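A quick write-up on the structure given underneath.
The values are calculated or read from the model by the stated rules, or taken from the named source; none is laboratory data. In this text, all values refer to a predicted model and were calculated from it rather than measured experimentally. Here the Cβ is made from the backbone with ideal geometry for all residues, glycine too, and neighbour counts use every protein chain on show.
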Amino acid sequence: MSENIEVLKPLKTWSHLAGRRRKPSEYEVVSVNLHYSTRPGSAAPYELDPELFMNRWYIKHRDNSPLRHDDWNAFRDPDELIYRTYCLLQDGQETYVYGLFNQFNEREHDKALSPQWAGSLVRLHTPARYLFHTVQMASAYLAQMGPASTISIAAAFQGMDAFRWLSHAAYRAKELSAMFPDKGFGTAERGYWEDDPAWQGFRELMEKVLVAYDWAECFVALNLVAKPAIEEAVLRRLGDAARHHQDTLLGMLTDAQNTDATRHRRWSAALVRMVCEKEGNAEVIRGWVAKWEPLADRAIDAYCAALPDATDAAESAKQATRDFRRSLAAGL
């Protein structure tokens with residue numbers, strides 16, 4: 001007696017991408033569905049004791065987040081960046097930035113800066129390396145806790161950009177210390193960061209973002225509230241003030257950094273659009289925005305109040321952050 005035995009068709013190399021009925025792109029091949037800890041049907045994120053602290057952490061702060069979606073792996077970075085293309089893109093960005101540093105150094109740009117403006121720089125610009133480091137750390141946490149590899153990768157590149165911004169501030173601190181050795185460049189910034197009223201709003205905001213352990217609240221607090229506040233105040237409004245004080249270099253530097261920030265906003269907006277397709281998620285995000293926005297507003301007020309010759313800087317910065325959130329799918 002013969003038996004009809006079904007011959008199983010072999011799975012293709014990228015079977016998890018077969019639903020699109022086309023050859024997957026390079027971005028999809030190296031970015032989609034890479035998280036081992038989100039495999040369906042598992043008793044715990046990692047194949048260890050479900051009661052292990054790490055497993056309980058992921059279950060509480062990622063899997064049980066109030067922000068829900070049926071398929072987190074559906075998220076795609078609008079720029080479709082992978083490590084190879086990110087390095088190509090940002091190598092060009094760094095070539096541009098260090099070209100600025102070299103050209104302005106050759107022209108002895110810092111000699112033309114007034115001592116008063118140099119005092120503003122050591123107070124309001126070079127201490128930003130501490131602020132940018134908090135953005136880097138919060139982005140790294142978001143990358144670690146993201147429920148999809150495409151989210152984690154976008155957050156990781158964001159953290160790498162924050163490290164670049166930090167490096168720029170540190171580089172300028174060293175350059176300016178040669179021209180203004182009595183101002184405290186390279187030595188006084190920690191004191192300004194910890195004690196100067198201009199920074200205490202951002203310090204409080206980012207210290208609290210760093211303990212927003214729910215992955216989705218971390219995303220909202222960082223990418224929808226805190227980063228836009230930093231970008232509008234510490235980058236854009238500082239850059240405007242710099243141009244008023246003949247510091248074209250700083251104005252062009254902050255413009256370059258805002259190019260990165262615009263890309264961060266694109267992937268953040270794409271993620272918000274995706275999650276707001278599911279009923280109830282928009283309300284969750286609005287609740288978190290309402291929680292974090294007052295802290296960001298106070299940070300903007302304190303910082304912009306210290307900017308010289310920057311009339312209405314705080315109000316325009318706060319309005320710009322609200323305009324960004326209103327542009328999102330849910331009009332947050």
Taking the condition touching a helix residue (DSSP H, G or I) at 6+ places or on another chain (Cβ under 7 Å) and assigned to a helix (DSSP H, G or I), does residue 284 pass? no
Unmet requirement for residue 76, which otherwise passes all of (1) within 19 Å of the chain's Cα centre (by Cα); (2) surrounded by fewer than 17 Cβ atoms within 10 Å (Cβ to Cβ): (2)
Starting from residues that are of a type in the set (Lys, Arg) and within 17 Å of residue 75 (Cα to Cα), keep the ones in segment 1-51 and report whichever is modelled with the highest pLDDT. 39
Residue pairs within 9 Å by beta carbon, gap of at least six or interchain, first lying in segment 95-107 and touching a residue at least 24 places away in the same chain (Cβ under 8 Å) and surrounded by 12 or more Cβ atoms within 10 Å (Cβ to Cβ), second among the basic types (Lys, Arg) and in a helix (DSSP H, G or I), listed first then second, are 97/164; 101/172
Output the residues belonging to segment 213-257 that are over 22 Å from residue 332 (Cα atoms) and polar (S, T, N, Q). 246, 248, 254, 257
Across segment 229-274, what is the total count of residues that are in a helix (DSSP H, G or I), of a type outside the set (Asp, Glu) and within 27 Å of residue 119 (Cβ to Cβ)? 24
Consider only pairs whose beta carbons are under 7 Å apart and that are at least six residues apart or on different chains; among these, list those whose first residue lies in segment 200-228 and is crowded, with 24+ Cβ neighbours inside 10 Å and part of a loop (DSSP other than H, G, I, E, B) and whose second residue is among the hydrophobic types (A, V, I, L, M, F, W, C) and at pLDDT below 95. none
Only one residue in 114, 120 is more than 21 Å from residue 236 (Cβ to Cβ), surrounded by fewer than 24 Cβ atoms within 10 Å (Cβ to Cβ) and hydroxyl-bearing (Ser, Thr, Tyr), so which one is that? 114
Out of curiosity, is residue 140 surrounded by fewer than 22 Cβ atoms within 10 Å (Cβ to Cβ), out of contact with any Lys or Arg (no Cβ under 7 Å at 6 or more places or on another chain) and farther than 22 Å from residue 207 by Cβ? no
